[in-house]
Amino acid sequence: MLPVAVVISGRGSNMEAIARASLSAGSRFRVVRVIADRDSAGGLARAAALGIPVGVVPVKRYADRAAFDAALAAEIESSGAQLVALAGFMRILSAEFVQRFEGRLLNIHPSLLPLYKGLDTHARALAAGDTHHGASVHYVTAELDGGPVIMQGRLRIRPGETPEAVSARVHTLEHIIYPHVCSLIAAGRVECRQGSVYFDGAPLAAPLIEENDAAA
Ligand code: GRF
């Protein structure tokens with residue numbers, strides 16, 4: 001059973017999707033702790049309701065990023081997690097932190113990376129007139145939103161669709177692909193070797209794709 005820590009800042013819907021999958025029959029991973037950087041994160045209550053241990057590393061308590069990152073790393077390590085899933089975690093982590101968890105640190109980003117790193121991804125995809133949009137699960141490297149992508153959920157943008165509407169549909173896809181990637185890693189089918197993704201023992205030439213235009 002692969003122990004997983006999920007790190008959040010907000011409502012934690014991806015965390016809940018991962019946690020629920022981990023509690024389902026036959027899962028090979030288990031969420032051992034949900035950690036937030038603020039005690040107001042809505043996801044903490046969701047996690048507690050599922051019986052998952054929670055931890056808070058309050059960002060305000062630390063003088064600088066290095067001190068916060070060290071406390072976060074200690075909290076993760078005390079949980080015994082071997083995989084760390086950032087899920088709506090709104091802070092940039094130091095190179096030291098990323099290096100410490102290299103190859104064991106995942107993030108989900110609401111765009112088809114390498115498109116639209118950073119914020120406001122839905123509005124930017126619509127403004128560009130893109131035909132498709134989605135979300136990416138990737139290993140975290142020191143480059144923001146720049147690590148190797150494992151899986152993408154992709155949907156077709158509907159005529160006249162608003163950023164809010166497409167965001168809701170992307171979220172539905174996120175809840176499919178993030179637990180799926182955790183399962184693939186727990187099963188030993190996906191791994192990170194020297195900064196590259198391997199799938200079933202071979203380098204992954206392009207991200208795995210989950211197409212789902214119906215995502216509601
Ligand atoms: C998601 O859209 C994810 O792609 C981004 O932050 C959001 C988190 O949402 N990194 P939630 O807290 O999981 O509901």
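Here's the yes/no breakdown for (1) touching a His at 6+ places or on another chain (Cβ under 6 Å); (2) within 21 Å of Ala81 (Cα to Cα); (3) within 16 Å of the ligand (Cβ to nearest atom); (4) not basic (Lys, Arg):
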site: Asp130; (1), (2), (3), (4): no, no, no, yes
site: Pro159; (1), (2), (3), (4): no, no, no, yes
site: Ala165; (1), (2), (3), (4): no, no, yes, yes
site: Cys192; (1), (2), (3), (4): no, yes, no, yes
site: Pro207; (1), (2), (3), (4): no, no, yes, yes
Problem - Residues of region 94-128 that turn out to be more than 12 Å from the ligand (Cβ to nearest atom), of a type in the set (A, V, I, L, M) and outside any loop (DSSP other than H, G, I, E, B), as a count - result: 7
Handout entry: First in region 88-114 and touching a residue at least 12 places away in the same chain (Cβ under 8 Å), second anywhere and of a type in the set (Ser, Thr, Tyr) and within 11 Å of the ligand (Cβ to nearest atom), Cβ under 6 Å, 6 or more apart
Key = Gly88/Ser9; Phe89/Ser9; Met90/Ser9; Ile108/Tyr178; His109/Ser136; Pro110/Thr121; Ser111/Thr121; Leu113/Ser136
Practice task
Output the qualifying pairs, or none if there are none: Cβ atoms under 7 angstrom, residues six or more apart or on different chains, first residue in region 156-167 and modelled with pLDDT of 95 or more, second residue of a type in the set (Ser, Thr, Tyr).
Solution key: Arg156/Thr131; Ile157/Thr131
Handout entry: Given (1) at pLDDT 95 or above; (2) touching a Lys or Arg at 6+ places or on another chain (Cβ under 9 Å); (3) within 13 Å of the ligand (Cβ to nearest atom), index of the condition Arg91 fails
Key = (1)
Completion exercise
Gln82: passes all of (1) farther than 22 Å from Val190 by Cα; (2) away from the ligand (no atom under 14 Å from the Cβ); (3) surrounded by 15 or more Cβ atoms within 10 Å (Cβ to Cβ) but (1)
Exercise for the section: Mind checking which strands (runs of 3 or more DSSP E) fall wholly inside region 1-64 and carry at least 3 residues that are within 16 Å of the ligand (Cβ to nearest atom) and buried (at least 16 other Cβ atoms within 10 Å of the Cβ)? Expected result: 2-8, 29-36
Exercise for the section: Could you tell me whether any residue of region 144-154 is within 11 Å of the ligand (Cβ to nearest atom) and either in a loop (DSSP other than H, G, I, E, B) or within 25 Å of Asp69 (Cβ to Cβ) (or both)? Expected result: yes
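The values are calculated or read from the model by the stated rules, or taken from the named source; none is laboratory data. As the structure is a prediction and not an experimental result, all values here were calculated from the model. Using ideal geometry, Cβ is built from the backbone for each residue, glycine included, and neighbour counts are taken over all protein chains shown.
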